[in-house]
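Read through the structure below, which is laid out as structure tokens, and then see the notes.
A short reminder: the numbers here are calculations on the coordinates, not readings from a lab. Given the structure is predicted, the values throughout are model-derived calculations rather than measurements. So basically every Cβ, Gly included, is an ideal-geometry build from the backbone, and we count neighbours across all protein chains shown.
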Protein chains: 2
Amino acid sequence: MHALPSGYRFAAVASGIKKSNKLDMALIVSDTPAHCAGVFTRNRVIAAPLQVTRPRIADGLCQAILVNSGNANACTGATGIAVAEQTGALAASALGVEDHLVALASTGVIGVPLPLPPFERGMAQLVAGLSTDQAEAVARAMMTTDAFSKIASAAEQGDEPYALLGLAKGAGMIHPDMATMLCFVMTDARLDSSLLQKLLERAVADSFNAITVDGDTSTNDTVLLLANGAAGGAPITEGSDAAAVLEQHLKRILLDLAKMIVRDGEGATKMVHIRVTGANDVVAARTAARSVATSSLVKTAFFGEDANWGRIIAAVGYSGIELNQERIDISFDDVPIVAKGLAIGPDSEVRASTVLKKDSFTVTINLHMGNEEASYYTSDLNYEYIKINADYRT
Amino acid sequence: MHALPSGYRFAAVASGIKKSNKLDMALIVSDTPAHCAGVFTRNRVIAAPLQVTRPRIADGLCQAILVNSGNANACTGATGIAVAEQTGALAASALGVEDHLVALASTGVIGVPLPLPPFERGMAQLVAGLSTDQAEAVARAMMTTDAFSKIASAAEQGDEPYALLGLAKGAGMIHPDMATMLCFVMTDARLDSSLLQKLLERAVADSFNAITVDGDTSTNDTVLLLANGAAGGAPITEGSDAAAVLEQHLKRILLDLAKMIVRDGEGATKMVHIRVTGANDVVAARTAARSVATSSLVKTAFFGEDANWGRIIAAVGYSGIELNQERIDISFDDVPIVAKGLAIGPDSEVRASTVLKKDSFTVTINLHMGNEEASYYTSDLNYEYIKINADYRT
């Protein structure tokens, strides 16, 4: 059972955008305008809903999020932007709120015009269905190639209790800068949008920007964080203990959701934590971890359950960071396999191969250059990924 | 029939490094010390043979290349370097040349000690077998996961004729900075090592550093260019017409070999030329082309013969270059599919899908930002890649 923040209602419908007649349109509504923060794709090709929503979020307020799956409304030109604005206007009108308080998000195929009729037909039903208990349906309506819906929550039990609820979608194209990934987090805590923005950016850096499935990033990635204050507590201010507690809750929720996305990496059978330690600085650690986490050869070896540390050390080597190959140690969970750049021996490979049979494990690469570290979360690369993505549009 | 430069002999044997008893050791010998240039991997983890060979090449002379497949002699520490030097000494002694005139190259599995006995046993046979007509056997002895051997040649027919012969290996881990790729080019033209080095670096930039199969780069990549002057012509000097002619021959040979490597990309069924035009500068063009060429989603769509331009435009977008999405045109061979960032329409997709059924085609992405362009050559990503690489060591 998930903790639910007060003052939010949810609804989802099958509007017909997806030909499968599955849920494909959803609303999240706060009873009052909520303070809001957002993080968006760094792709230079940006979908219409983001072009509409980014300036709206800039004023720090949001009351409703309208999301659809089945069509990304990306690479659809001026018409796409006009359609996005019209969908937002339909929601605003039905809810009786101003247009600029409605955020928009879309996910699905690129380059196909987003049809307006499903929104015209579906909006009344959507608003009529708004309820505090429909968050799970919203998570399902966001899904595209996802195998399962993604929800995480936290409840702060202190003197001034509040809750956070996170809903996410994402499976393919997952990489730093948040590819085809949508995430909405709602809380009834009270804090302003500038603090929300800082907390959100830090939490995204260690979660959604530290996962990779295939290295691609999308045109539509959006993370929104809403705080409506409905829990009735005092305002949470920057630098306070309460802000630190909320940041921990937020980071945990986003990391949980990010790990679910890796685990749902199209066809993934493994979730692998790549941890680079002993780096000169965090940027070097992250660069090396990303290089290993995105290597097709490393990811294919994970699928083959092969403790192929040669590919790992090669991926560290071509990441371009400063290193001394004679200092590198590598272990799979607690099994050391490389010491000072050299194989420890056949026994160690045998023990490591039992680690690789697990669904989830950690590869630790100690560079012995300094004291900084960084983590990435990745999946294996296998036949199912090819199957899903070779056939996606056909 | 390949053109053969004068004054070179070749030999290959099955020494037993490969358990399959296939050819795995080879010698290329010039009758006299040849002027020499080399380009090596930019991976920070560098195999033993490169650590021995780079300083030897620095003096600009080389008389013999000893190459083995089946073992990369990488991540093998001080012992690996000592073994590499011993293999070179065996060849030098058998040939009656000084150690520093022998270049070494290895390819195969990483992290396993290279055994010396196969060299001790095989060297006499190797030297006894040296012949002007054994170049094809050398190309075969260099193969690891390669499906076919790779040879290209050129013959200059002018007043002062000469020939160039290139032998290469490479299939997996192919990416800029030349992953698990070996290439040796021999010519009987006469030119000094400093000019050779310049010509080689320019030719590599437009060939081996413009191909990608899976984005990984290896610890062992080596390109060597030898010129022994045995054709008897006058010295070719920098800036001369003769140097320009030789550069064209060299570029054509290296590009031919590079394309063979892409075509042999582990399990590849397609060879795709990614051409980015209308860029502000060559670096931006190359960055965008590389981003498209290395995208797993784009490469999987090629396998699915799906004209999925949305993934292409997304990959251009996340490459980070300056662009205006409303200016981008994309075509598959001569079929335009995107104009000013928007789909041209279903007819165009149908025509493009017939292009995608071909073994080889060109994707042109015009950014309309400037006048520079760059090319990358890539393959599709498919089940066979997973199969080969999940099972490689097992």
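Okay, here's what the table says:
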| item | result |
| --- | --- |
| GNM flexibility winner over chain B from B:Ala314, B:Ala64, B:Ala84 (Cα, springs under 10 Å) | B:Ala314 |
| Mean shadow area of the protein assembly as shown, taken as a quarter of the surface of its Cα convex hull (nm²) | 33.4 nm² |
| Overall dimensions of region B:40-109 by Cα: Rg and Dmax, Å | 11.5, 34 |
| Cysteines without a disulfide-compatible neighbour (Cβ-Cβ under 4.7 Å), chain B | B:Cys75, B:Cys183 |
| Total charge dipole magnitude, the protein assembly as shown, about the Cα centre, Cβ charges on Lys, Arg, Asp, Glu only, Debye to nearest 20 | 1060 debye |
| Compactness index (Cα Rg / 2.2 N^0.38 Å), region B:280-336 | 1.11 |
| Relative contact order, percent, chain B [alpha-carbon distance under 8 Å, six or more residues apart] | 17 percent |
| With 10 Å bins from 0: P(r) over region B:8-261, alpha-carbon pairs, percent | 8, 35, 39, 16, 2, 0 |
| Gaussian network model of chain B, springs between alpha carbon atoms under 10 Å - residue of B:Leu167, B:Leu116, B:Leu199 with greatest fluctuation | B:Leu116 |
| Dipole axis of region B:36-170 (+1 Lys, Arg; -1 Asp, Glu on Cβ), positive-most option in B:Pro113, B:Leu61, B:Gln157 | B:Pro113 |
| Selected from B:Met143, B:Ala284, B:Leu257, residue furthest toward positive end of dipole (chain B; charges at beta carbon) | B:Met143 |
| Size of charge dipole - region B:8-261 - debye, nearest 20, with Cβ of Lys, Arg +1 and Asp, Glu -1, no other charges | 760 debye |
| Over 22 Å between alpha carbons, listed pairs A:Lys299/B:Lys150; A:Lys169/A:Lys259; A:Lys340/B:Lys22; A:Lys357/B:Lys169 | A:Lys299/B:Lys150; A:Lys340/B:Lys22; A:Lys357/B:Lys169 |
| Among A:Ala163, A:Ala339, A:Ala141, residue whose mean-square fluctuation peaks in a GNM of chain A (springs only between Cα atoms under 10 Å) | A:Ala339 |
| Rounded D (µm²/s) - region A:271-390, Kirkwood Rh over Cα pairs, Stokes-Einstein at 25 °C, 0.890 mPa s | 173 µm²/s |
| With eigenvalues of the C-alpha gyration tensor scaled by 5 and rooted, region B:39-182, Å | 24, 20, 16 |
| Assigned charges on the beta-carbon of Lys, Arg, Asp, Glu; region A:271-390 dipole about Cα centre (debye) | 240 debye |
| Per-residue [θ]222 nm for chain A (sum of -39500 (n - 2.57) over DSSP H runs n ≥ 4, rounded to 500) | -10500 deg cm²/dmol |
| Mean Kyte hydropathy of -1.0 or more with a Cα span along the axis of at least 20 Å, helices from DSSP in chain B | B:77-95, B:241-263 |
| Nearest residue to the symmetry axis between A and B, taken on chain A by its Cβ, in whole Å | A:Tyr383, 3 |
